[in-house]
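Computed from the coordinates by the stated procedures, all read-outs in this text should not be read as laboratory data. Just so you know, these numbers come straight off a predicted model, no measurement behind them. Note that each Cβ is placed from the backbone with ideal geometry, even for glycine, and that neighbours are counted across all protein chains shown.
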Ligand SMILES: Cc1cc2nc3c(=O)[nH]c(=O)nc-3n(C[C@H](O)[C@H](O)[C@H](O)COP(=O)(O)O)c2cc1C
């Protein structure tokens, strides 16, 4: 029988980023999704600020997110660098993920901002590992549009979007 250390090592070493084109159309079971989200809450944070904030996008909301990201790409890219294929790929990628989370850090003011970013990244790593252990493909995406999506996500002054976490069954 494998020890806990051996199992953990196996999960850590097998974790990798898996992109929406490689997800199946299968729905992630709710209990698995709950476990993945719950795992984030076990990340460490200085002064226990627990700065990670995730919003879940599925179904119609996810479609709207994909369209919003694509439109933001168009609106914030100069005509010389704009690529029609990239524009179309953005919503296609979102549509191929079963669930997308916005990754947001809440800056409490109690510790330096980099510590809140670091803690949020640790929460995302926990989700990566829990997803891996449950045969869920996932990856962290940080497109340029994250600097312009604050209004859409209704972020507060002290919140910053650090990217999106795509998930789908392998
Ligand atoms: C903070 C962060 C941001 C990332 N942003 C992107 C991204 O915008 N696009 C992308 O293709 N991958 C992104 N990735 C995933 C990396 O490309 C991936 O982790 C790296 O290639 C190593 O592969 P692995 O995760 O399979 O070990 C990001 C990863 C992290 C940690």
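Things worth noting here:
- Unique residue being within 16 Å of the ligand (Cβ to nearest atom), under 17 Å from residue 146 (Cα atoms) and crowded, with 20+ Cβ neighbours inside 10 Å when the list is 128, 23, 73: 73
- Of the residues making up region 103-125, those that are within 29 Å of residue 78 (Cβ to Cβ) and within 11 Å of the ligand (Cβ to nearest atom) are 103, 117.
- Out of 68, 81, sole residue that is surrounded by 14 or more Cβ atoms within 10 Å (Cβ to Cβ) and more than 27 Å from residue 38 (Cα to Cα): 68
- Of all residues in region 3-20, those satisfying the criterion of being more than 16 Å from the ligand (Cβ to nearest atom), in a helix (DSSP H, G or I) and loosely packed, with under 12 Cβ neighbours inside 10 Å are 4, 5, 6.
- Of residues in region 27-43 being over 14 Å from residue 131 (Cβ atoms) and part of a loop (DSSP other than H, G, I, E, B), the one farthest from the ligand (Cβ to nearest atom): 27
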